[in-house]
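The values are calculated or read from the model by the stated rules, or taken from the named source; none is laboratory data. On a predicted model such as this, the values are computed, not experimentally measured, just so you know. Here the Cβ positions follow ideal geometry from the backbone for every residue, glycine too, while neighbour counts run over all protein chains shown. Quick note on the areas: whole protein, heavy atoms, side chains included, nothing else; ligands and nucleic acids left out. Shrake-Rupley method; radii C 1.70, N 1.55, O 1.52, S 1.80 Å.
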Amino acid sequence: MIAILQIINLLLGLLLYIIIAQAILSWLIAFNVINTSNDFVRQVLYALDRITEPLYRPIRKILPDFGALDLSPMVVILLIYILRTIIIPNIAMSLMS
């Protein structure tokens with residue numbers, strides 16, 4: 001069971017990096033540093049959106065509309081942090097005792 005918790009922790013860490021990469025890529029596109037007319041950039045953005053959108057959708061339904069400001073990635077990062085630092089270690093400690 002500890003191995004499963006370690007795998008979940010690893011996958012949550014990977015998801016954290018994916019969310020950060022998507023945020024940086026969206027900022028680069030918004031500030032016109034990179035262009036979505038480039039096929040590779042468009043495919044990377046599409047893949048990142050397909051990975052993260054199922055996580056953002058329920059949070060966007062709950063959060064109020066802030067216009068152009070999207071706080072759902074920050075909420076997901078906060079939830080990942082809570083899972084990785086509080087919940088998973090407590091489950092592991094209860095399994096070990």
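Structural remarks
- Some residue of the range 13-25 being without any contact (Cβ under 8 Å) to a residue 12 or more places away in the chain and open to solvent by less than 60 Å² (accessible area, probe 1.4 Å): no
- Residue check, Leu95 open to solvent by 50 Å² or more (accessible area, probe 1.4 Å), at pLDDT below 95, in a helix (DSSP H, G or I) and under 29 Å from Leu5 (Cβ atoms): yes
- For beta carbons closer than 8 Å, sequence separation of 6+ or different chains, a first residue in the range 42-65 that is within 13 Å of Val76 (Cα to Cα) and a second that is open to solvent by 60 Å² or more (accessible area, probe 1.4 Å), the qualifying pairs are Tyr56/Asp70; Arg60/Asp70.
- Residue within the range 69-82 that is β-branched (Val, Ile, Thr), open to solvent by less than 50 Å² (accessible area, probe 1.4 Å) and closer than 30 Å to Met96 by Cβ present: yes
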